[in-house]
Amino acid sequence: MSAEVGFNLLDEPWIVVLEPDGRERQVSILGAFEQAQQLGTIAGEVPTQAFAITRLLLAFLHRAIDGPQDQDEWEQLWEADELPLEQIREYAQRVRSRFDLFHPDTPFFQVADLRTEKDKVSGLEKIVADVPNGEPYFTTRSAASLRCIEAAEAARWLVHVHAFDPSGIKSGAVGDPRVKRGKGYPIGPGWSGQIGGVLPQGRNLRETLLLNLISYDVESYVRIGERDDVPPWERDPDGPEGRERPPRGAIDLYTWQTRRVRLVGDRNGVTGVVLANGDPIQPRNQHDCDPHTTWRYSDPQSKKLKTTVYMPQTHDPNRAVWRGLPAMLPSIYGRRISRGEPEHLAPGVLQWIGDLASEEHLPEDYVPRVRVLGVEYGAQSATYSEIIDDVLPLSVVLLRQDRPAAGQAAKEAVSDAEKAGTAIWSLAENLAQAGGAEPRSGAGDRAREQLYAALEAPYRDWLAEFGPDRDLLGARAEWQQTVKSAAYAIAGELVEAAPPAAWSGRTIKKQTDGKKRERATEEQVINVALANLWFRAALRKALPLAHPSSESTAQEAAV
């Protein structure tokens with residue numbers, strides 16, 4: 001095929017990257033590997049493109065080097081000045097034809113003859129995630145910009161649609177036996193959209209790829225051989241019908257073909273798309289295949305299936321990522337469920353990095369940035385609602401399972417913040433009731449979220465300072481002092497804003513537990529002074545390292 005007709009992703013610039021100085025440009029797949037030492041991170045129109053494309057590059061790199069076989073081989077890669085480019089280029093030559101975006105028989109990540117019964121071609125809004133259903137939720141992209149997009153951008157959305165496409169009714173592809181009345185009924189979102197992505201990042205793209213390149217001798221994840229864990233470009237081309245099958249390993253999941261797609265256009269521009277259902281996948285118990293998400297124990301699923309079931313832990317856009325950190329730490333097992341299994345399983349890639357540090361393949365003072373990415377979908381997972389993108393610095397000390405004390409300190413620091421949040425919530429609610437509001441007025445929720453927002457940047461800074469020689473007790477005391485200062489500042493604002501009626505107070509009815517745990521009702525006076533005293537006593541109990549006993553007052557002791 002003429003180079004003027006085709007668009008080969010191995011050679012053509014299409015991956016958006018950020019240089020260390022923040023400048024943006026595009027590189028090809030081979031260019032990304034060749035320049036990895038000089039590149040910062042992968043970017044794109046939406047953050048989730050970075051997750052999908054990085055996993056694509058990981059699948060390619062695993063297959064190009066057929067490894068790493070073990071941690072020693074991984075260390076050789078880490079200490080080298082560049083990636084093994086000779087092996088990468090040799091592999092690229094073997095699979096070159098499968099990376100042409102417009103190949104007549106095997107177009108990349110597509111089905112060449114995909115069509116509907118009426119030969120309907122959909123608009124590009126079907127795959128462009130920043131204009132879901134034609135509404136600009138994430139960008140101000142104009143309608144005119146969707147009439148035709150460049151081949152490079154189409155390639156980015158093609159990779160993204162397999163990973164994150166919402167569920168919902170799709171075009172009914174000719175040859176797919178699942179189609180009814182010309183429609184492809186929902187099979188769920190793309191695989192990456194069903195997990196809460198956790199992607200460690202290094203100081204450049206080379207380090208990022210290697211940190212996520214788990215060796216073959218790890219008991220799970222990448223499986224070559226009997227399991228045939230290979231990407232789509234090493235398999236026979238897909239037809240229009242989807243295949244319901246278990247994933248064969250991490251490489252399979254990194255490149256899972258959730259949809260059947262055909263781009264309409266050529267290297268000069270793409271004007272439409274045929275988008276149909278592809279391979280469905282069950283999210284339960286894939287923790288031995290996908291290392292890029294936390295897993296949570298599902299009691300309903302376990303009872304239903306009469307076996308232990310873990311589901312991917314997705315990200316909640318209404319909850320700051322740092323508050324969920326304990327579930328991500330391999331050194332923290334949390335509480336055990338009734339059968340003895342842990343409530344959460346940490347992402348395999350963080351376990352891998354912790355093990356590398358334990359075996360001295362990574363320096364103890366190394367601090368990767370852990371990027372969390374994911375999607376919250378709308379009703380029936382049929383539309384995009386929000387995209388989650390955040391970064392936390394995580395020293396390898398926090399990830400070591402053989403030294404859990406640092407991870408435990410990070411977990412307890414989150415607990416300190418949440419206890420202080422409870423105290424602030426009670427103060428705000430008590431002040432509201434003293435002023436005449438009904439219980440659970442919402443004032444407490446707003447005040448607690450204000451505290452969490454105030455603590456987010458300080459927690460990140462505190463976390464970034466963890467090193468092998470850090471005084472953990474001193475660090476905890478320092479953190480409790482930070483929480484105390486933030487809580488008192490917010491408490492002061494709440495007291496100052498209290499209405500005059502709250503100072504004189506009012507008598508409210510309060511339910512209490514009797515000796516036999518019977519609910520009883522008693523009357524209680526509540527005003528600003530009492531609410532503030534209760535708050536101070538609660539905060540002293542929550543943050544003992546920040547409250548020397550000499551600070552205690554007679555009034556607080558009485559409370």
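The values are calculated or read from the model by the stated rules, or taken from the named source; none is laboratory data. Note that this is a predicted model, so its numbers are computed, not measured. Using ideal geometry, Cβ is built from the backbone for each residue, glycine included, and neighbour counts are taken over all protein chains shown. For the accessible areas, the whole protein counts, side chains as well, though only heavy atoms, and no ligand, DNA or RNA atoms are used. Shrake-Rupley method; radii C 1.70, N 1.55, O 1.52, S 1.80 Å.
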Report summary line: Checked the stretch 342-382 for anything open to solvent by 40 Å² or more (accessible area, probe 1.4 Å), of a type outside the set (A, V, I, L, M) and assigned to a loop (DSSP other than H, G, I, E, B); matches are E343, E359, E360, P363, E364, D365
Report summary line: Scanning the stretch 304-326 residue by residue, the ones that are among the hydrophobic types (A, V, I, L, M, F, W, C), in a helix (DSSP H, G or I) and either surrounded by fewer than 20 Cβ atoms within 10 Å (Cβ to Cβ) or touching an Asp or Glu at 6+ places or on another chain (Cβ under 7 Å) (or both) total 3
Report task. Check H103 against each of (1) open to solvent by less than 10 Å² (accessible area, probe 1.4 Å); (2) modelled with pLDDT of 95 or more; (3) part of a loop (DSSP other than H, G, I, E, B) and name the one condition it does not meet. Result -> (1)
Query raised in the report: Filter the stretch 442-455 for residues that are open to solvent by less than 50 Å² (accessible area, probe 1.4 Å) and not aliphatic (A, V, I, L, M); which is farthest from V528 (Cα to Cα)?
Result: Y452
Requested in this report: Provide a single number: the residues in the stretch 244-293 that are open to solvent by 10 Å² or more (accessible area, probe 1.4 Å), hydrophobic (A, V, I, L, M, F, W, C) and assigned to a helix (DSSP H, G or I).
Outcome: 0
Query raised in the report: Which is surrounded by fewer than 20 Cβ atoms within 10 Å (Cβ to Cβ), assigned to a loop (DSSP other than H, G, I, E, B) and of a type in the set (G, A, S), of G31, G44, G67, G22?
Result: G22
Query raised in the report: Looking at W462, W425, which is the one that is more than 21 Å from P368 (Cβ to Cβ), surrounded by 15 or more Cβ atoms within 10 Å (Cβ to Cβ) and aromatic (F, W, Y)?
Result: W425
**Report entry** Hey, D238 in contact (Cβ under 8 Å) with a residue 40 or more places away in the chain, of a type in the set (D, E), within 15 Å of A155 (Cβ to Cβ) and open to solvent by 20 Å² or more (accessible area, probe 1.4 Å) or not
**Finding:** no
Report task. Could you check F109 against (1) within 23 Å of Q194 (Cα to Cα); (2) open to solvent by 10 Å² or more (accessible area, probe 1.4 Å); (3) modelled with pLDDT of 95 or more; (4) assigned to a helix (DSSP H, G or I) and say which number it fails? Result -> (4)
